[in-house]
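The values are calculated or read from the model by the stated rules, or taken from the named source; none is laboratory data. What you see is a predicted model, and the numbers here were worked out from it, not measured in a lab. Neighbour counts are summed over all protein chains in view; Cβ atoms, including those assigned to glycine, are modelled from backbone coordinates with ideal geometry. Quick note on the areas: whole protein, heavy atoms, side chains included, nothing else; ligands and nucleic acids left out. Shrake-Rupley method; radii C 1.70, N 1.55, O 1.52, S 1.80 Å.
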Amino acid sequence: MFDPDEEIRRIEAAAQAARTGLEIAPGAEPRLGLVLGSGMGAVADGLNLVSGIEYARIPHFPCSTVAGHAGRLVRGTLGGVPVVAMQGRVHGYEGYTPREVVFPVRVLARLGIRQLILTNAAGSLHPDWKPGTLAVIRDHIAGLPNPLTGPNLDELGPRFFDMTEAYAPRLRALARETAAGLGMRIEEGVYYAAPGPSYETPAEIRAFRALGADLVGMSTVPEVIAARHMGLEVLAISLVTNAAAGVTQAAIDHQEVMEIGARAQTQISCWLSALAPALPAMERRSRI
Ligand code: HPA
């Protein structure tokens with residue numbers, strides 16, 4: 001049976017190793033966290049890197065098995081703002097349980113972050129959102145199991161909590177304004193989290209469209225749920241790497257998904273560097 005106290009001990013042990021590895025001085029904890037998705041680990045190259053630690057050296061930390069996910073936690077500054085960033089994440093389709101998938105985000109919160117920016121690669125359900133398009137996620141539909149199933153970790157957050165504004169409206173507005181200031185065109189939409197690892201069928205995509213989805217991917221939603229459980233403020237950004245199945249005649253190729261990701265990293269990096277200093281401060285919550 002899952003033991004909440006044991007899970008808290010694991011999170012603390014991982015946070016302790018990360019603090020040491022990243023050389024985080026007491027009182028100097030980064031307030032902003034980043035999760036960099038498929039092929040976007042190099043967005044961290046836009047950081048002024050201070051320190052890093054491989055996931056494999058952090059106890060209980062899940063290690064990514066997917067090509068394009070570096071598996072390193074790094075600390076640095078982004079547009080002058082101290083951040084801690086995950087270069088690579090893990091997914092349910094790799095065989096990790098939903099709880100394991102959100103473990104790193106819980107560690108980031110334990111390290112002191114109050115705001116979390118997640119990036120992902122996604123398929124587009126709109127024919128005119130071409131590969132390379134960037135979109136702010138407005139809301140999501142979970143096609144994946146909820147990572148909070150099982151006994152609640154009361155120390156982290158409440159059993160039941162609101163998801164009405166899971167993707168902070170003020171951060172979304174700021175992200176759009178910042179992008180406009182840089183002359184970038186940004187879309188906004190609803191993200192459907194599919195289980196993967198196979199891409200979807202055209203019939204599934206038509207169904208997701210009917211449900212109100214604009215984007216489809218295989219990540220982000222579990223982490224957002226865990227982040228909101230802990231009261232973190234969340235912003236999530238999708239990079240469209242392909243038209244979702246059946247939206248065009250083209251087949252979906254993982255290699256192409258990665259290549260589009262690689263090309264867009266500089267743009268995302270620029271955007272986030274301009275955005276980070278503009279983020280409004282958020283109070284540290286005593287609970288975590
Ligand atoms: N479907 C699911 N996940 C994805 C896709 C897609 O079309 N593109 C990138 N990640």
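Does THR119 meet the test of being within 30 Å of PRO202 (Cα to Cα), assigned to a loop (DSSP other than H, G, I, E, B) and either among the polar types (S, T, N, Q) or without any contact (Cβ under 8 Å) to a residue 60 or more places away in the chain (or both)? Full working, then the answer.
Numbers: within 30 Å of PRO202 (Cα to Cα): yes; assigned to a loop (DSSP other than H, G, I, E, B): no; either among the polar types (S, T, N, Q) or without any contact (Cβ under 8 Å) to a residue 60 or more places away in the chain (or both): yes.
It is false that THR119 is within 30 Å of PRO202 (Cα to Cα), assigned to a loop (DSSP other than H, G, I, E, B) and either among the polar types (S, T, N, Q) or without any contact (Cβ under 8 Å) to a residue 60 or more places away in the chain (or both).
Which ones in the range 201-246 are under 21 Å from the mean Cα position of the chain (by Cα), among the acidic types (Asp, Glu) and within 13 Å of the ligand (Cβ to nearest atom)?
ASP214
For the range 13-28, give me each residue that is exposed (fewer than 14 other Cβ atoms within 10 Å of the Cβ) and in contact (Cβ under 8 Å) with a residue 12 or more places away in the chain.
Residues of the range 13-28 that are exposed (fewer than 14 other Cβ atoms within 10 Å of the Cβ), as a first pass: 20, 23, 25-28.
Within the range 13-28, GLU23, ALA28 qualify.
Mind listing just one residue for me: the one in the range 29-61 that is β-branched (Val, Ile, Thr) and within 26 Å of GLY196 (Cα to Cα) and, of those, surrounded by the fewest Cβ atoms within 10 Å (Cβ to Cβ)?
Ranking the candidates gives VAL35 first.
From the list GLU23, GLU29, GLU12, GLU7, exactly one residue is part of a loop (DSSP other than H, G, I, E, B) and at pLDDT 95 or above. Which is it?
Only one candidate qualifies: GLU23.
Residues are listed down the side, and each one gets a yes or a no for (1) buried (at least 24 other Cβ atoms within 10 Å of the Cβ); (2) touching a residue at least 40 places away in the same chain (Cβ under 8 Å); (3) closer than 22 Å to ALA207 by Cα; (4) within 13 Å of the ligand (Cβ to nearest atom):
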{"site": "VAL107", "(1), (2), (3), (4)": "yes, yes, no, no"}
{"site": "ARG114", "(1), (2), (3), (4)": "no, yes, no, no"}
{"site": "LEU125", "(1), (2), (3), (4)": "yes, yes, yes, yes"}
{"site": "ASP128", "(1), (2), (3), (4)": "no, no, yes, no"}
{"site": "LEU134", "(1), (2), (3), (4)": "no, yes, no, no"}
{"site": "ILE137", "(1), (2), (3), (4)": "yes, yes, yes, no"}
{"site": "HIS140", "(1), (2), (3), (4)": "no, yes, yes, no"}
{"site": "PRO151", "(1), (2), (3), (4)": "no, yes, no, no"}
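Out of curiosity, is PRO222 within 28 Å of GLN265 (Cβ to Cβ) and crowded, with 21+ Cβ neighbours inside 10 Å? Walk me through it before giving the result.
Details: within 28 Å of GLN265 (Cβ to Cβ): yes; crowded, with 21+ Cβ neighbours inside 10 Å: yes.
Taking the combined requirement at face value, the residue satisfies it.
Each row is one residue, and each column tells you yes or no for (1) touching a Gly at 6+ places or on another chain (Cβ under 7 Å); (2) farther than 24 Å from LEU134 by Cβ; (3) modelled with pLDDT of 90 or more.
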site	(1), (2), (3)
VAL43	no, no, no
CYS63	yes, yes, no
GLY76	no, no, yes
MET86	no, no, yes
LEU108	yes, no, yes
GLY112	no, yes, yes
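Can you name the residue in the range 175-187 that is surrounded by 18 or more Cβ atoms within 10 Å (Cβ to Cβ) and not β-branched (Val, Ile, Thr) and, of all such residues, is nearest to the ligand (Cβ to nearest atom)?
The qualifying residue nearest to the ligand (Cβ to nearest atom) is GLU187.
Please go through (1) touching a helix residue (DSSP H, G or I) at 6+ places or on another chain (Cβ under 6 Å); (2) within 15 Å of VAL224 (Cβ to Cβ) for ILE137 and return the number of the only condition it doesn't satisfy.
If we test ILE137 against (1) touching a helix residue (DSSP H, G or I) at 6+ places or on another chain (Cβ under 6 Å); (2) within 15 Å of VAL224 (Cβ to Cβ), just (1) comes out false.
From the residues in the range 247-283 that are open to solvent by less than 60 Å² (accessible area, probe 1.4 Å) and within 10 Å of the ligand (Cβ to nearest atom), which one is nearest to PRO30 (Cα to Cα)?
By that ranking, first place goes to GLY261.
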